[in-house]
Every structure is written in structure tokens, then in C-alpha cells.
1. In straight Cα distance, which aspartates and glutamates are under 15 Å from residue 74, not counting same-chain residues fewer than 8 positions off?
2. What distance in nm separates the two pseudo spin-label positions at residue 237 and residue 196, each 7 Å out from Cα along the beta-carbon direction?
3. Would you calculate a helix-derived [θ] at 222 nm for the chain, using -39,500 (n - 2.57) for each DSSP H run of n ≥ 4 and dividing by the full residue count, to the nearest 500?
4. Tell me, what is the per residue accessible area of the chain in Å², probe radius 1.4 Å?
5. Could you identify which residue out of 167, 248, 69 has the top mean-square fluctuation in a GNM of the chain using Cα springs shorter than 10 Å?
6. Report Rg/Rh for the chain, rounded to two decimals, where Rg is the Cα radius of gyration and Rh the Kirkwood radius.
7. Classify the range 89-152 from the C-alpha gyration tensor, please: rounded if a/c falls under 1.5, else prolate or oblate depending on whether a/b exceeds b/c.
8. Ordering 106, 218 by how much accessible area each has at a 1.4 Å probe, largest first, what is the list?
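The values are calculated or read from the model by the stated rules, or taken from the named source; none is laboratory data. For clarity, every value in this text was computed on a predicted model and none was experimentally measured. Every residue, glycine among them, receives a Cβ derived from its backbone with ideal geometry; neighbour counts consider all protein chains shown. Side chains included, ligands, DNA and RNA excluded: accessible areas come from the protein's heavy atoms. Shrake-Rupley method; radii C 1.70, N 1.55, O 1.52, S 1.80 Å.
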Amino acid sequence: MAASPPTFNPQIKITKQTLEVPFFRERLSDTVAIEMMQIPAGEFLMGSPEDELARSNSEGPQHLVQVPGFWMGKYPVTQSQWRIVAGLPQQDQPLDETPSHFKGDDHPVETVSWDDAVEFCKRLSTYTKRPYRLPSEAEWEYACRAGTTTPFHFGETITTDLANYRGTDDPDGKWSGSYGDVPKGDYRQETTPVGQFGVANAFGLCEMHGNVWEWCQDPWHDNYEGVPPTDGSAWIEGGNDNRRVLRGGSWYDSPRYCRSAFRSFSNRDYRNFSIGFRVVCAVQ
């Protein structure tokens, strides 16, 4: 009698390596700074291939984008960073210094609108004399992928040991807590402090998958049909100005929404406890 095949125990094989990535610290106080990682210039295929698991039609067609170098926050903006900048002189609109639902200095700020995030960038730019802003959608995906072409910068799948997302199934079958053939995971039901997982991509960026959705500059387009920019800039023309792009998924969402190519949107004045942002700065 032939031997039974071995039981398959799906796991993610993690290879750890130490990389030196140029960065600078934007000092906000004696104890609080924003770590800005250098993102090198390069090109990538934006969007997902048609055979990617759980792909949405909004993620195509894939197209080649040339991205100039820039700097990007290692983590989403934290509540301690937000509180200091929100206390700086107003530019266009007031800011709540403590907007977040889940409290913690090292937790990402959330419950902030797109307009709030833009105001934060304007105040930070005035204070530092450097041009801070939200990333374009192309910059965000390029930075998230960091040279990879897989659904996540980790590889083909993801677990809740690597990121904060909803790792449990919906009882009514509306979503799965796993992506592909990997075990289910945790559902923490809140944000986690930045840096908790100790995992960065090749550009030194952490938590590009999960924890909080991140606002991008771009108005929403239903897909990449038409003439999206190929120079890494925000796609302004023809978009819905009231709707702004969100990327990265969150603690509240199933893993399919955390993929590098997944796109979502909300109204620019919408605030939710799953939405935050990170900042970028032009190369100088």
C-alpha cells in the first residue's frame, strides 16, 4: 500500500535581513520626531495582474510608472506627532489635537479627514521649511512594494504575526480571515502601536499593510483606464474631487484589502477610527 502523503501545514517562511536605509529625523520636540526614509527613484508596474487572488477591477490595467526619489514617513503619523503639529499656527482650518478613538502616543492618529491631513502637512511645512504633503497614489504603491511584485511586500500572503488586520472569518461568510492557504489569525479590534511588529520592507517602511488606512493626494478614479500620469504624480484630471484615495487596509479589514495594489476611497471630509495617513517630503 502506498504511503499517505504528508499533511500540509501552510506557513510563511520569513527571511530576515538587516538593511541600511538612509533616513533623517524631523524633530518636533526634545522627545518626538518623524523618521523619514529615503525612497530611491525607480519604476514599477502599478496595479495588480489579472490572476491575483481577490483582485478588484479598480486595480487595472497595470501600467509602468517612473517615480522620482522622495522621503516618506517610516510609520503612519502617531498621536504624539499629531498633537504637536496640531498645536502649531493654523493655516487653512482648525485641528482637533486629540481626535483618535483608540488612545496612545505611539498609536497611529485616526479619525482624521483628508482635509485634516492636508492641514497637518501645511503646518508641518511651515514649521520645518520643508515641503511636506500626502503621497500620490503611485508613490504610495511604489513605496509599499519596495521592488516586489507579490500581493504583499512580505510575499504571496500575510499573517497577523506580521500586520494588524481582521484575521478571523465573518460568521455569515462575508469575508475570510486568511488570504490564500494560510491559517486564520487574530482580530485585535483596535490599532496597535507603530513598530510593534518589527517588520520593514526594503525601503525601511513599516505597517504599509493594515493598522490604519492611509490617505493619498489623488481624487478617486474607478480604474486606470484613460491617461493616468506615468511620472509618479497625483492623478488629478477627471477624478472625483470629493472622493480621495485610501490605501493599505486597516485593523478592521480582512487581509484582501491590505494588498499592495488594493484601492479604496472615502469622502474628503470623512473621519473614521480606521483611517490615518503618513507624510512624504520632496527630495532636497
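1. Within the straight-line cut-off, residue 74 pairs with 20, 26, 35, 106, 139, 141, 207, 214.
2. 4.4
3. Numbers: 3 runs with 32 residues, N = 284.
Result for the chain, helices only: -3500 deg cm²/dmol.
4. Details: 13500 Å² over 284 residues.
I get 48 Å² per residue for this part.
5. Of 167, 248, 69, the most mobile in the Gaussian network model is 69.
6. Numbers: Rg = 18.8 Å, Rh = 19.3 Å.
Here the Rg-to-Rh quotient is 0.97.
7. On the way: a/c = 2.52, a/b = 1.46, b/c = 1.72.
Since a/c reaches 1.5 but b/c is at least a/b, the shape of the range 89-152 is classed as oblate.
8. Details: 106 95, 218 5 Å².
So the residues, ranked largest to smallest area, are 106, 218.
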